[in-house]
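J.: Sharing a structure here in structure tokens format.
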Amino acid sequence: MRCIPSKEDMQRELEARHGKDLQQKFTNSTVAICGLGGLGSNIAVSLARAGIGKLILVDFDKVDISNLHRQQYKADQIGRFKTEALAENLREIAPYIKVETHAVAVTEENLEELLSEADLICEAFDRAEAKAMLVNGVLEKLHTKYLIAASGMAGLGSANSIQTRRITNRFYLCGDGISDVADNIGLVAPRVMLCAAHQAHMVLRILSGNFEP
Amino acid sequence: MVKINGEPLDMAGKTLAEYLASTKYDPMRIAVECNGEIVPKAKYGETVLQEGDVIEVVNFVGGG
């Protein structure tokens, strides 16, 4: 392995950019990401770069050739669990991050156990039914968490229509709300990354004490 | 009047389940917020909409 900076050097650089107090909040926080596709893999990269202390990554799926056009995986990772491949990629970016992985499907039954340690939870699933299940489950069962979900980022619609809205005190929703991948408009990397960036950015804003979108 | 997704509707006295049944929403793809709180799915049938309630039905679409 090539020479990498020490943990202390990396922490000092993050503190120089974010301020010591804010970086301490980032370092001490745990964020769960449910779904590691175009949204989740990009959220994870943003949060790892920002110096979030611990990520909990949840996805049952394996890297497929059809993922490479928008997701943060590499061609030689096809066939591997996304949890494992993403953890490896994150450690290349942020070698001292703590990553906990669960290669399972999130269900109403296991979500409390999987997500109880997280301070904030990002919903990053693909299917509308899975999104609704997670949102209802988290908001009904895990009252102290912040939840940042996404809906509507398919196609080549305007980048400017992707927004963050605050639905309840602890529930935020990013996206344009309408662009459904089921309408055969596909997903392109920049628009999915925009939505993922909205989610990751809202995580950082909440941790910094800014609760408005 | 009950304000649902910004629109005043004459739904006071009806249950949330009755309102949803009158719409095209797929119950498996939604979350419902009432006056700032999420309504548990199991309570749609017993949640009676009150005069002045502000409701948002969040309808999820696919892609991620």
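J.: Given the residues A:LEU194, A:LEU156, A:LEU147, which is the only one that is of a type outside the set (S, T, N, Q) and buried (at least 23 other Cβ atoms within 10 Å of the Cβ)?
T.: Details: A:LEU194 fails: buried (at least 23 other Cβ atoms within 10 Å of the Cβ); A:LEU156 fails: buried (at least 23 other Cβ atoms within 10 Å of the Cβ).
Testing whether each residue is of a type outside the set (S, T, N, Q) and buried (at least 23 other Cβ atoms within 10 Å of the Cβ) leaves just A:LEU147.
J.: How many of the residues making up segment A:155-195 are part of a loop (DSSP other than H, G, I, E, B) and more than 8 Å from every other protein chain (Cβ to nearest Cβ)? So that I can check it myself, show each step before the final result.
T.: To start, the set of residues in segment A:155-195 that are part of a loop (DSSP other than H, G, I, E, B) comprises A:155-158, A:162, A:169-170, A:176-180, A:184-188.
Filter once more, keeping what is more than 8 Å from every other protein chain (Cβ to nearest Cβ): A:155-158, A:162, A:170, A:176, A:184-186, A:188.
Of the residues in that region, 11 qualify.
J.: Right, something else. Which residues, counting only those in segment A:116-130, are without any contact (Cβ under 8 Å) to a residue 60 or more places away in the chain and either outside any helix (DSSP H, G or I) or within 8 Å of the chain's Cα centre (by Cα) (or both)?
T.: Initial filter on segment A:116-130 (without any contact (Cβ under 8 Å) to a residue 60 or more places away in the chain): A:116, A:127-129.
Residues satisfying the conditions are A:SER116, A:ARG127.
J.: Right, next: Could you check A:ILE56 against (1) at pLDDT below 95; (2) outside any loop (DSSP other than H, G, I, E, B) and say which number it fails?
T.: Failing condition for A:ILE56: (1).
J.: Still on this structure, please answer the following. Determine, yes or no, whether A:ILE43 is part of a loop (DSSP other than H, G, I, E, B), modelled with pLDDT of 95 or more and touching a helix residue (DSSP H, G or I) at 6+ places or on another chain (Cβ under 8 Å).
T.: No; evaluated as a whole, the condition is false for this residue.
J.: Restricting to segment B:2-28, give me the number of residues that are on the phi > 0 side of the Ramachandran plot and either surrounded by 13 or more Cβ atoms within 10 Å (Cβ to Cβ) or free of Cβ contacts under 8 Å to residues at least 24 places away in the same chain (or both). Show your work before the answer.
T.: Of segment B:2-28, the ones on the phi > 0 side of the Ramachandran plot are B:5-6, B:13.
Right, trim to either surrounded by 13 or more Cβ atoms within 10 Å (Cβ to Cβ) or free of Cβ contacts under 8 Å to residues at least 24 places away in the same chain (or both) and you get B:6.
So the count comes out to 1.
Table: residues versus (1) surrounded by 15 or more Cβ atoms within 10 Å (Cβ to Cβ); (2) within 29 Å of B:ARG29 (Cβ to Cβ).
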| position | (1), (2) |
| --- | --- |
| A:LEU47 | yes, yes |
| A:LYS54 | yes, no |
| A:LEU57 | yes, yes |
| A:ALA105 | no, yes |
| A:LEU114 | yes, yes |
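J.: Now a separate question. Answer with yes or no whether A:ARG70 is under 17 Å from A:GLY38 (Cα atoms), surrounded by fewer than 18 Cβ atoms within 10 Å (Cβ to Cβ) and basic (Lys, Arg).
T.: Numbers: under 17 Å from A:GLY38 (Cα atoms): yes; surrounded by fewer than 18 Cβ atoms within 10 Å (Cβ to Cβ): no; basic (Lys, Arg): yes.
When the stated conditions are applied, A:ARG70 does not pass them.
J.: Whether any residue in segment A:128-146 is at the interface with chain B (Cβ under 10 Å from one of its Cβ atoms) and on the phi > 0 side of the Ramachandran plot is what I want to check.
T.: Within segment A:128-146, none of the residues are at the interface with chain B (Cβ under 10 Å from one of its Cβ atoms) and on the phi > 0 side of the Ramachandran plot.
J.: Mind checking which pairs have a first residue in segment A:68-83 that is free of Cβ contacts under 8 Å to residues at least 40 places away in the same chain and a second that is surrounded by fewer than 15 Cβ atoms within 10 Å (Cβ to Cβ), Cβ under 7 Å, 6 or more apart or different chains?
T.: A:LEU68/A:ALA75; A:ILE78/A:ASP64; A:ILE78/A:ILE65
J.: Identify the residue in segment A:162-207 that is of a type in the set (D, E, K, R) and touching a Gly at 6+ places or on another chain (Cβ under 9 Å) and, among all such residues, is farthest from A:THR144 (Cα to Cα).
T.: We begin by selecting, within segment A:162-207, every residue of a type in the set (D, E, K, R); these are A:165-166, A:170, A:176, A:180, A:183, A:191, A:205.
Those left that are additionally touching a Gly at 6+ places or on another chain (Cβ under 9 Å): A:165, A:176, A:180, A:183, A:191.
Numbers: A:ARG165: 19, A:ASP176: 27, A:ASP180: 30, A:ASP183: 36, A:ARG191: 30 Å.
Result: A:ASP183.
J.: If you don't mind, another one. Since B:GLU51 meets every condition but one in (1) touching a residue at least 24 places away in the same chain (Cβ under 8 Å); (2) at the interface with another protein chain (Cβ under 10 Å from one of its Cβ atoms); (3) loosely packed, with under 12 Cβ neighbours inside 10 Å, which condition does it not meet?
T.: (2)
The values are calculated or read from the model by the stated rules, or taken from the named source; none is laboratory data. Please read these numbers as outputs of a predicted model, since none were measured by experiment. Cβ sites come from the backbone with ideal geometry, for glycine too, and all protein chains shown count toward neighbours.
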